[in-house]
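Read through the structure below, which is laid out as structure tokens, and then see the notes.
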Amino acid sequence: MDAPLQEEIQAGRAPTLQFLRDNGTYFPKVVSTFPTMSVSIDTTMLTGEPPNIHGIYGLTYYNQKEKRVVNFGTGPKEIFLFGVKRVLQAAMLQLNQKLISKDVKTIHEETNKPTASINAMVYRGKDHTELRPPWITWLTGLLPRKIRTEAPPIFSYGSIHTLDKRSNPKSMLSQFGVNDQFSSMEIISLIKKDKLPSLSLVYFPGNDIIVHKKGTSEGKGIMKADNQIASILDAFGSWEEAIQICSFIVLGDSGQTNMVQKDTYVDLRKILHPYSIMPLSRDIAKSQDQLILCVNERMSYINILDEEISYRDVVRLCKTEKKLDVIAWQESDGWIHVVSGQTDGILSFRPDGDYLDEYEQKWHLEGDISILDLTLDEQKIQYGIYPDALSRLAGTLTSNDRSVVVTVSPGYEIVGQGSPKHKGASHGSLHHLDSLVPMIVTGIKQAPEHLRLINFKKWLLQLLEE
């Protein structure tokens, strides 16, 4: 995030990022995707499409096509209740192989230039390869010994697919290599062997974990990542040589907002208590199940299974909770409606109208625009605390999925059965605290058409063609 990054740089604790910033361009406010959860963010960045096109709606969501809940791992208790095997198989056997829509292509699939993916959960490419899960997973029957997948020509994902044996990420204590040190070691091995491809995507997961526990003012994660990036630049001989040989883009994926210390958690089960909510122990609904909750930290999907329950029935209950700042759904006629637990009124919108926003997107607008903190200058839409709110909300909804999307105000987190309760900070919502991330670009003069992650695929492909 911008503020803690600036603080670490000013305190001298992030010299590598300072060097890259001082020798490049700094963009403090890049708009992430929604929901602001890593797996949906990464899929949007790689495909250039929103969730309702690429198919990955968050860390957990209801898959309308398969009529089942998907969970990639939202927290230890929820994973246990949902089933460790189901979570692991969704992430390892289904995400890249099946769940990302075949109608979209990732950067790795679209370009003819060689690419690398290191420690990214979303990686789908054109080359057939085999993953070899940790011994404990196949010994306990959680995963097969070998998993077929399609990946970029240079691919690394912890201990399941390693480029350099010296990285040795086989310990559970090291998360089987899904950590910052392994990420840097793998890309360094390519530098040392002079085997860097045209584009390398390298993922550093460590800071997210620290901020969840300690809050946004904790800078240790940035400092640790800075040390790993320093080792990457050192591998070129010197930092000056590194930026002469390569261009660097250092980018966050989501922000986080600090948790308040009282009445922190909004339990949707209590709000929706008149209805029967499907338990996590099942991923396929039974006849008695009326609603499904898929909670992604500071946002949630409420999927309506019972045809006798209308959107308005669910929305009326959600509006009784003042901490729910955005409550949205899409009717069969294509109009998206937004209300709030904090104010009266309703905003309705759909694409292709007479109002133009700052991203050159056209919208029809009716009703109370203050609900999404929009302002109008004649026919021009300006966004406030919810960046690119219309497009990002629309990207989570379809006219036939019978789902209500809710988000919670800063300082609070949504919970359901088994949901994690973060003490420090959390993310997932539409709010700018969750949605704006900084970016440092060194060695590249051309910026994306718009400073949104959904525009990055087009940008990177253009850079690869130069």
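Could you size up the charge dipole of the chain around its Cα centre, putting +1 on the beta carbon of Lys and Arg and -1 on that of Asp and Glu, and report it in debye to the nearest 20? Walk me through the numbers before you get to the answer.
Working: 51 positive and 56 negative charges, 438 e Å.
Roughly 2100 debye for the chain.
Listed highest first by mean packing, meaning other Cβ atoms within 10 Å per residue, what order do 429-436, 20-27, 390-397 come in?
On the way: 429-436: 25.0, 20-27: 17.2, 390-397: 22.4.
Result, highest mean first: 429-436, 390-397, 20-27.
Between region 208-231 and region 44-58, what is the separation of their alpha carbon centroids in Å?
27
Hey, what number do you get for the chain at 222 nm if only DSSP H runs of n ≥ 4 count, each worth -39500 (n - 2.57), divided across all residues, to the nearest 500?
Numbers: 17 runs with 129 residues, N = 466.
Value at 222 nm, helices only, nearest 500: -7000 deg cm²/dmol.
When DSSP beta bridges are limited to those with both residues in region 265-426, what percentage is antiparallel, rounded to the nearest 5?
On the way: 34 of 40 bridges.
Percent antiparallel among DSSP bridges in region 265-426 is about 85.
Which net charge results for the neighbourhood of Ile209, defined as the other residues with beta-carbon distances under 11 angstrom from its beta-carbon, given Lys and Arg at +1 and Asp and Glu at -1? Please list the in-between numbers first.
Numbers: positive: Lys213, Lys214, Lys220, Lys224; negative: Asp180, Asp208, Glu218.
That works out to +1.
Once you have the Cα-Cα distance between Glu308 and Ile245, take 0.36 nm times their residue separation minus that, and quote the gain in nm to one decimal.
Details: separation 63, 0.36 × 63 = 22.68 nm, distance 6.25 nm.
Gain on extension, Glu308 to Ile245, equals 16.4 nm.
Within region 171-249, list the GluC sites (Glu not before Pro) lying in a DSSP loop whose Cβ has at most 12 other Cβ atoms in a 10 Å radius. Don't skip to the end; give the middle numbers.
Numbers: sites: Glu186, Glu218, Glu240, Glu241; in loops: Glu218.
Qualifying residues, ordered by number: none.
Quick one: check the C-alpha center-to-center distance for region 63-93 versus region 251-272, whole angstrom.
Here the answer is 21 Å between Cα centres.
Note down the net charge around Leu430, summing +1 for each Lys or Arg and -1 for each Asp or Glu among other residues with Cβ under 11 Å from its Cβ. Mind showing how you got there, number by number?
Working: positive: Arg298, Arg392; negative: Asp325, Asp373, Asp388, Asp434.
Summing Lys and Arg as +1 and Asp and Glu as -1 gives -2.
³J(HN,Hα) across region 52-68 via Karplus (A = 6.51, B = -1.76, C = 1.60, θ = phi - 60°), whole Hz, x for Gly/Pro?
Per residue, the Karplus-derived 3J(HN,Hα) values read 6, 9, 7, x, 10, 8, x, 6, 9, 6, 8, 7, 5, 5, 9, 6, 8 Hz.
For Cα pairs less than 8 Å apart in space and 6+ apart in sequence, what is the mean separation divided by the residue count of the chain, i.e. the relative contact order in percent? Write down the numbers at each step before the final one.
Numbers: 991 pairs, mean separation 113.8, N = 466.
RCO, the chain: 24 percent.
Please report the antiparallel percentage of the DSSP beta bridges confined to the chain, to the nearest 5.
Around 80 percent of the beta bridges assigned by DSSP in the chain are antiparallel ones.
Which shape class, rounded, prolate or oblate, goes with region 346-466 when its Cα gyration tensor gives a ≥ b ≥ c as root eigenvalues, a/c under 1.5 marks rounded, and past that a/b bigger than b/c marks prolate?
Cα axes put region 346-466 in the oblate bin.
State, to one decimal in nm², a quarter of the convex hull surface area for the C-alpha atoms of region 36-117, i.e. the direction-averaged projected area.
The Cα convex hull of region 36-117, projected and averaged over all directions, gives 5.8 nm².
With only Lys, Arg, Asp and Glu charged, each at its Cβ (+1 for the first two, -1 for the last two), find how big the charge dipole of region 178-278 is about the Cα centre; round to the nearest 20 debye. Working shown, then result.
Numbers: 10 positive and 12 negative charges, 93 e Å.
So the dipole magnitude of region 178-278 works out to roughly 440 debye.
Between rounded, prolate and oblate, where does region 265-426 land on the alpha carbon gyration tensor, with a ≥ b ≥ c its root eigenvalues, rounded for a/c under 1.5, else prolate if a/b exceeds b/c? If you can, show how the numbers build up before the last one.
Working: a/c = 2.15, a/b = 1.54, b/c = 1.39.
The shape class here is prolate.
What dipole magnitude, in Debye to the nearest 20, does region 265-426 give about its Cα centre under +1 on Lys/Arg Cβ and -1 on Asp/Glu Cβ? Show your work: numbers first, answer last.
On the way: 17 positive and 26 negative charges, 189 e Å.
Here region 265-426 has a charge dipole of around 900 debye.
With just the Cα atoms defining each centre, how far is region 425-466 from region 282-340? Give it in Å.
Between the Cα centres of region 425-466 and region 282-340 lies a distance of 30 Å.
Throughout, read-outs are computed from the coordinates displayed, never taken from laboratory work. It should be emphasised that the depicted structure is a prediction, and the values quoted were computed from it without experimental measurement. Every residue, glycine as well, gets a Cβ built from its backbone with ideal geometry; the counts of neighbours run over all protein chains shown.
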